[in-house]
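Colleague: Shown below is the structure under consideration.
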Amino acid sequence: MGDARASRRGPLKSAVPSNIVSPVRRCSRTACGRSAVATLTYVYADSTAVLGPLATYAEPHCYDLCAEHSERLTAPRGWEVVRLTDGSAPARPSGDDLEALANAVREAARPPERPSGPGGNGPRAADQAEVGRRGHLRVLRSPDS
């Protein structure tokens, strides 16, 4: 029994070194092994392909592309390609950018006007907390108002 224990390998001795996993993200195109420099995402509702700087994390449904494939990118007929640049953009959004984004979200989430005729008894109790909804975004009424 002592010999059986002596012949076992520890986990470090039995591990096989592998060069398959690389910390550098590679281009998602088939048979391309170059390093990725850009990330491609799709907005299907708007028929838009968005190509921007390499995302911080690899996300599902996003495609990392090398410089050559990102330059040669084309979209299907009727689709728009939006190319975001990282060199001229500020590192952090300014206060004006954030305020404009918040205003756009508020405007998009504004509920349509409801008729307040004899059949309309005003907003329901569930609508009092949630002011509007658009897709996965919700606008909630401030507790102060």
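Colleague: Given the conditions (1) modelled with pLDDT of 85 or more; (2) of a type outside the set (Val, Ile, Thr); (3) open to solvent by less than 60 Å² (accessible area, probe 1.4 Å), which single one is not true for Ala45?
Modeller: For Ala45, the exception is condition (3).
Colleague: OK, next. Between a residue in segment 60-84 that is without any contact (Cβ under 8 Å) to a residue 12 or more places away in the chain and any residue that is assigned to a loop (DSSP other than H, G, I, E, B) and polar (S, T, N, Q), which pairs come within a Cβ distance under 6 Å, given they are 6 or more apart or on different chains?
Modeller: Matching pairs, first to second residue: none at all.
Colleague: Another one. Scan segment 48-68 residue by residue and report those that are more than 12 Å from the chain's Cα centre (by Cα) and either of a type in the set (Val, Ile, Thr) or under 11 Å from Cys27 (Cβ atoms) (or both).
Modeller: Result: Thr48, Asp64, Leu65, Cys66, Ala67, Glu68.
The values are calculated or read from the model by the stated rules, or taken from the named source; none is laboratory data. Quick caveat, the model's predicted, so the values are computed rather than measured. Note: ideal-geometry Cβ built from the backbone for every residue, glycine included; neighbour counts use all protein chains shown. For accessibility, only protein heavy atoms count, side chains too; no ligands or nucleic acids. Shrake-Rupley method; radii C 1.70, N 1.55, O 1.52, S 1.80 Å.
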